[in-house]
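Reading through the structure tokens given below for one structure.
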Amino acid sequence: MQETINNLKKEIQEKLSSTIDLKNLNELKNIYLSKKGPVQELMNHMKELGNEEKKEFGRIINEFKTEVTNSFDKLKKDLEEQELNRKLESESIDISLPSTKVNVGSANILEKLIEEVEEVFISMGYDVVDGPEIELDKYNFEMLNIPKGHPARDAQDTFYLEGEEILLRSQTSPVQVRTLLKGNGITPIRMICPGKTYRRDDDDATHSHQFMQIEGLVVDKEISLSDLKGTLDVVFKKLFGENTETRFHPSYYQFTEPSVEVDITCHKCHGTGCNICKNTGWITIAGAGIVHPNVLRMSGYDPSVWTGFAFGFGADRLAMEKYDIHDLRAIYNTDLRETKTFDRKERD
Ligand code: DAH
């Protein structure tokens with residue numbers, strides 16, 4: 001019996017010494033230490049022995065079993081450790097390696113400008129609101145005091161989508177109407193609305209069939225033209241620098257009375273005259289005025305109680321002035337070299 005045990009011990013040890021991975025070790029364990037394996041078979045033998053022999057044999061076989069089990073456990077531990085070390089070695093990070101260069105884009109110049117304008121107005125208590133680009137004729141024209149057939153419509157070569165009622169908004173001014181309607185004739189209003197607008201223009205250096213406007217509307221009690229002047233003065237100083245001056249000259253819009261155009265001193269020559277301002281020293285940057293009583297009335301605000309001012313900038317125009325861009329199309333292309341140039345101009 002002792003010999004059988006010795007042989008088995010030798011056999012197991014030989015097998016274990018040539019085992020190099022955990023899978024193999026498991027297979028061996030299943031063979032030698034399972035309920036039907038040779039170790040168990042030896043133990044089953046005990047039933048056939050007398051009491052004295054049983055005692056002696058029991059001790060031997062138990063020692064043997066413990067020894068074999070320990071050998072399996074020890075090898076398992078060693079193999080696991082080896083595998084962990086291998087893994088750690090293969091996954092180690094060389095922190096001295098140079099990183100991969102990622103070619104990042106940059107925000108569109110118009111987006112940046114609009115964010116800047118929004119920040120200025122938000123700091124003055126304005127809401128930033130949104131409106132649909134597919135608009136009703138009623139809001140784009142009629143409720144802005146431009147009835148059907150009025151010649152003021154001709155200036156805005158509009159894209160009509162369905163009949164005469166649905167169009168691509170030709171200005172952001174319809175958002176004034178939508179905001180007034182929401183205000184129910186009782187709520188003071190202070191809002192700006194940046195957004196896309198569309199006109200049937202051929203694209204060239206200064207025209208685009210799609211462009212960006214920023215509309216503004218303030219409605220409250222006792223609002224005057226000087227509030228408008230003071231507000232725009234602060235805004236343009238923030239955007240173009242502290243020594244920027246603002247001036248108004250008379251203009252005409254159906255939805256404001258009086259109407260003005262807003263000029264700022266040319267940021268390039270600061271008023272002395274250059275090619276950008278065509279030697280006038282001034283650049284026209286926005287349309288504005290006191291909200292026409294008809295506009296207030298049509299949207300439920302009583303013009304004997306409420307007054308307001310409104311303004312609209314071409315955001316593209318603003319960006320062209322601020323970043324000295326001579327071709328509008330540069331704003332809308334995705335050439336990284338150009339957007340990077342704008343980034344540099346902004347830093348200068
Ligand atoms: N909507 C006008 C345009 O597209 C710009 C404008 C002028 C907006 C005067 C206004 C305003 O709110 O008061 O030409």
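The values are calculated or read from the model by the stated rules, or taken from the named source; none is laboratory data. Fair warning: this is a prediction, and the values are worked out from it, not measured in the lab. In this analysis, Cβ positions are derived from the backbone assuming ideal geometry, glycine residues included, and neighbour counts consider all displayed protein chains. Calculation scope for accessible area: heavy atoms of the full protein, side chains included, ligands and nucleic acids excluded. Shrake-Rupley method; radii C 1.70, N 1.55, O 1.52, S 1.80 Å.
Using 0.36 nm per residue and subtracting the Cα-Cα separation, the extra length available between Arg297 and Asn243 on full extension is 15.5 nm. Cβ-Cβ distance of Val305 and Ser90, R₀ of 51 Å, FRET efficiency by 1/(1 + (r/R0)^6): the value works out to about 0.05.
Quick one: with all protein chains in place, what share of the accessible area of the chain is carbon or sulfur, to the nearest percent (1.4 Å probe)?
On the way: 10110 of 20020 Å².
It is 50 percent, rounded to a whole number.
Cross-link reach is defined here as a Cα-Cα straight distance under 26 Å, omitting same-chain residues fewer than 8 places apart; for Lys322 the lysines meeting it are Lys112, Lys196, Lys229, Lys237, Lys238, Lys268, Lys278, Lys340, Lys345. For the chain, the spread of Cα coordinates along the three principal axes comes to 124, 47, 39 Å, biggest extent given first.
Kindly rank 264-275, 311-322 from highest to lowest mean number of other beta carbons found within 10 Å of each residue.
Details: 264-275: 16.6, 311-322: 22.2.
Averaged packing, sorted descending, gives the order 311-322, 264-275.
Any idea of the accessible area per residue across region 109-347, 1.4 Å probe, to the nearest Å²?
Numbers: 11280 Å² over 239 residues.
I get 47 Å² per residue for region 109-347.
The phi torsions of region 94-106, fed into the Karplus equation with coefficients 6.51, -1.76 and 1.60 and a -60° offset, translate into couplings of 8, 6, 8, 5, x, 7, 7, 7, 9, 8, 8, x, 8 Hz, rounded to whole numbers, with Gly and Pro shown as x. Selection among Ile60, Met43, Asn7 by position relative to the dipole of region 2-90 gives Met43 as farthest towards the positive end (Cβ unit charges, Cα centre). A straight line joining the Cα centroids of region 267-320 and region 85-114 runs 45 Å. Database note for the chain: Cys without another Cys beta carbon under 4.7 angstrom, Cys193. Placing Asp130, Asp263 in order of accessible area, with the largest value first and a 1.4 Å probe, yields Asp130, Asp263.
Rounded to 0.05, the FRET efficiency of the Asp324 and Val102 pair, given R0 = 30 Å and the Cβ-Cβ distance, is 0.55.
Find the accessible area per residue for region 2-90; the probe is 1.4 Å, ligands and nucleic acids are left out, and the unit is Å². Numbers along the way, then the final one.
On the way: 6650 Å² over 89 residues.
On a per-residue basis, region 2-90 sits at 75 Å².
Quick one: plug the Kirkwood hydrodynamic radius of region 202-297 (C-alpha pairs) into Stokes-Einstein at 25 °C, 0.890 mPa s, and report D in µm²/s. So the translational diffusion coefficient is about 165 µm²/s. Each eigenvalue of the Cα gyration tensor of region 2-90, multiplied by 5 and square-rooted, gives one semi-axis; in descending order these are 32, 11, 10 Å. Relative to the longest principal axis of the chain, what angle (0 to 90°, nearest 10) does the C-alpha long axis of helix 174-183 take? Between the helix axis and the principal axis of the chain, the angle is about 80 degrees.
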